[in-house]
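The values are calculated or read from the model by the stated rules, or taken from the named source; none is laboratory data. Here the structure is a predicted model, which means the values were calculated and not measured. Quick reminder, even Gly has a Cβ in these numbers, built from the backbone with ideal geometry, and neighbours come from all protein chains shown.
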Amino acid sequence: MRILLIEDDHELRISLGDALAKQNYIIDIAGDSQEALHFLDTFRYDLLLLDIVLPGVDGITFCRQLRSRGFKMLILLLTGRDATTDKAKGLDAGADDYLIKPFDLQELLARIRALLRRINYPLLSTLEWGELSLIPSNNEVTYRDQSLDLTPTEYHLLELFLRNSDRIFGYDDLIQHLWFFETPPTENTIRSHIRGLRNKLKAAGAGRDLIETIYGLGYRLKQGEKAGDIGETKIQRYQKNIPNLQSFSNREQQTLAALRRSWEHFKDSVFEDIAFLEEIAMNVERLQTSFLRSRAIRTVHNLVGLLGSLRLAEATKICREIENLFLTKTPLNSEQVLRFEELLATLPQVLDPQSSTIFAPREPSSIEIQGKRPLVLIIDDDTELTQQLHKLGNDWGIQVEQASSLSVGREEIE
């Protein structure tokens with residue numbers, strides 16, 4: 001799956017790009033609409049993640065321009081504005097969905113999965129070829145129930161072959177589908193990745209020739225093997241296989257480790273932005289200058305997006321309130337100035353303890369229930385309540401999963 005992220009905030013671009021790449025998506029990143037057009041004229045994308053607030057042409061206008069030019073890819077708008085009119089304008093411009101900043105990374109991933117299910121193959125299916133199985137929802141690859149430890153590139157290659165079992169892929173085709181714009185590989189590099197995948201398949205007992213070379217044309221899956229059912233739903237997979245709770249825990253630990261690394265990377269930049277806001281607070285009258293007001297709005301808007309993606313909920317809430325104060329059409333009155341100063345004084349205080357504790361794992365129950373368990377889907381946007389129910393459910397032998405809305409819940413069931 002190839003995704004183009006169009007976002008002008010450098011820190012948020014890096015954070016989201018890194019998180020999506022870890023989910024085995026192919027990610028290209030553009031900072032404005034002009035750069036995005038260059039990518040769109042070069043590659044075919046399954047999905048665009050498009051920020052509304054962009055330099056030059058804004059996201060809604062750019063979305064409308066793309067649709068008028070005949071671009072059919074899915075578009076998910078990222079907006080820091082919670083106004084109904086902005087949502088309506090975005091959807092009317094041709095967007096398929098929208099997500100309000102700050103958002104939890106897991107919610108973004110769920111929205112992406114839900115959107116990608118609309119294209120011509122089911123994202124949550126089990127891809128099979130003989131006794132080889134790949135489950136895109138958790139990136140698990142097995143042969144005769146033996147897990148294969150693949151590199152991200154090897155995984156992308158295998159998934160591409162399984163989704164297009166009758167197609168021959170030449171070197172240019174593979175580059176178009178699987179490599180980032182800035183780092184196209186040589187043919188020798190591609191052959192090296194194919195060789196590595198073949199060796200791991202052989203070690204698992206599948207044989208090196210499962211991926212065959214069509215000389216002068218490229219590579220494909222060896223014909224004659226019987227492809228398995230690729231339309232298996234999430235519920236059907238659950239009924240066949242008991243969930244591996246340890247693998248869920250490992251993925252959560254990996255996510256938390258990535259969040260910690262991201263915080264350490266962006267921490268200095270965050271406190272530089274706070275220092276700028278503190279300078280504004282010392283002379284609030286400067287906000288009447290259009291340039292400084294625009295810079296202040298953009299600074300706090302970027303903080304909302306970055307801190308939200310890092311799960312720093314309390315800090316994000318504070319920045320959101322500051323942003324709303326700045327977005328008022330009139331100069332701040334004395335009460336608003338006082339509130340701004342209070343919020344700004346609180347912000348560094350909540351960041352210090354949160355930076356070390358917010359990335360604690362979501363503790364599961366210490367009781368592990370063995371055997372097949374009932375599966376319950378909760379449709380509610382209250383994450384804290386759902387976490388409590390998840391813990392209780394595990395104590396009672398029930399697996400609990402969450403969908404944040406009816407539309408996401410319907411997609412999870414299908």
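Restricting to the range 19-53, name every residue that is farther than 17 Å from residue 76 by Cβ and at pLDDT 85 or above.
Listed by number, the residues that qualify are 31, 32, 34, 35, 37.
Can you name the residue in the range 281-295 that is touching a helix residue (DSSP H, G or I) at 6+ places or on another chain (Cβ under 9 Å) and either outside any helix (DSSP H, G or I) or modelled with pLDDT under 85 (or both) and is also surrounded by the most Cβ atoms within 10 Å (Cβ to Cβ) among such residues? Even if it seems obvious, please write down each step before you answer.
Within the range 281-295, the subset touching a helix residue (DSSP H, G or I) at 6+ places or on another chain (Cβ under 9 Å) is 281, 284, 286-287, 292-293, 295.
From the residues that got through so far, the ones that are either outside any helix (DSSP H, G or I) or modelled with pLDDT under 85 (or both) too are 284, 286-287, 292-293, 295.
Details: 284: 15, 286: 14, 287: 21, 292: 16, 293: 16, 295: 14.
Within the range 281-295, the match that is surrounded by the most Cβ atoms within 10 Å (Cβ to Cβ) is 287.
Take the residues in the range 34-53 that are farther than 24 Å from residue 102 by Cα and not aromatic (Phe, Trp, Tyr), then tell me which one is surrounded by the fewest Cβ atoms within 10 Å (Cβ to Cβ). Full working, then the answer.
Within the range 34-53, the subset farther than 24 Å from residue 102 by Cα is 34-35, 37-45.
Keeping just the survivors that are not aromatic (Phe, Trp, Tyr) gives 34-35, 37-38, 40-42, 44.
Numbers: 34: 13, 35: 15, 37: 16, 38: 12, 40: 20, 41: 7, 42: 10, 44: 9.
Among those that are farther than 24 Å from residue 102 by Cα and not aromatic (Phe, Trp, Tyr), it is 41.
In the set 56, 31, which member is of a type outside the set (Val, Ile, Thr), surrounded by fewer than 17 Cβ atoms within 10 Å (Cβ to Cβ) and in contact (Cβ under 8 Å) with a residue 24 or more places away in the chain? Outline the logic, then answer.
Working: 31 fails: surrounded by fewer than 17 Cβ atoms within 10 Å (Cβ to Cβ).
Step by step, each of 56, 31 is checked, and only 56 is of a type outside the set (Val, Ile, Thr), surrounded by fewer than 17 Cβ atoms within 10 Å (Cβ to Cβ) and in contact (Cβ under 8 Å) with a residue 24 or more places away in the chain.
Among 384, 323, 335, 363, which is within 30 Å of the chain's Cα centre (by Cα), modelled with pLDDT of 65 or more and either not in a helix (DSSP H, G or I) or not assigned by TED's automatic domain parsing to the domain that holds residue 104 (or both)? Reasoning before the result, please.
Details: 384 fails: modelled with pLDDT of 65 or more; 335 fails: within 30 Å of the chain's Cα centre (by Cα); 363 fails: modelled with pLDDT of 65 or more.
One residue alone meets the criteria, 323.
Of the numbered conditions (1) modelled with pLDDT under 80; (2) under 22 Å from residue 302 (Cα atoms), residue 254 fails exactly one; give the number of that condition.
Exception for residue 254: condition (2).
If you check residue 240 against the conditions, is it at pLDDT 65 or above and charged (D, E, K, R)?
Values: at pLDDT 65 or above: no; charged (D, E, K, R): yes.
The answer is no for residue 240.
For the range 65-98, which residues satisfy the criterion of being of a type in the set (A, V, I, L, M, F, W, C), surrounded by 17 or more Cβ atoms within 10 Å (Cβ to Cβ) and within 28 Å of residue 322 (Cβ to Cβ)?
Of everything in the range 65-98, those that are of a type in the set (A, V, I, L, M, F, W, C), surrounded by 17 or more Cβ atoms within 10 Å (Cβ to Cβ) and within 28 Å of residue 322 (Cβ to Cβ) turn out to be 76, 77, 78, 95.
Considering every residue within the range 145-156, establish whether at least one is closer than 27 Å to residue 215 by Cβ, of a type in the set (Asp, Glu) and free of Cβ contacts under 8 Å to residues at least 12 places away in the same chain. Can you show your working first?
To start, the set of residues in the range 145-156 that are closer than 27 Å to residue 215 by Cβ comprises 148, 150-151, 153-156.
Next, only the ones that are of a type in the set (Asp, Glu) stay: 154.
So of that shortlist, the ones also free of Cβ contacts under 8 Å to residues at least 12 places away in the same chain come out as none.
So far as the range 145-156 goes, no, none of its residues is closer than 27 Å to residue 215 by Cβ, of a type in the set (Asp, Glu) and free of Cβ contacts under 8 Å to residues at least 12 places away in the same chain.
For the range 184-203, give me each residue that is surrounded by 15 or more Cβ atoms within 10 Å (Cβ to Cβ), over 17 Å from residue 170 (Cα atoms) and not charged (D, E, K, R).
Passing the criteria: 196, 201.
Could you please let me know if residue 146 is surrounded by 12 or more Cβ atoms within 10 Å (Cβ to Cβ), modelled with pLDDT of 85 or more and of a type outside the set (Asp, Glu)? Quick ask: steps written out before the conclusion?
Numbers: surrounded by 12 or more Cβ atoms within 10 Å (Cβ to Cβ): yes; modelled with pLDDT of 85 or more: yes; of a type outside the set (Asp, Glu): yes.
Here the answer is yes, as residue 146 does meet what is asked.
Only residues that are farther than 11 Å from residue 146 by Cβ and not acidic (Asp, Glu): list them for the range 202-214, please.
Taking the range 202-214 and keeping what is farther than 11 Å from residue 146 by Cβ, we get 202, 207-214.
Once the filter is applied, which keeps residues that are farther than 11 Å from residue 146 by Cβ and not acidic (Asp, Glu), the range 202-214 yields 202, 207, 208, 210, 211, 213, 214.
On the basis of being closer than 29 Å to residue 151 by Cβ, over 15 Å from the mean Cα position of the chain (by Cα), among the basic types (Lys, Arg) and not assigned by TED's automatic domain parsing to the domain that holds residue 306, does residue 44 make the cut?
Answer is yes for this residue.
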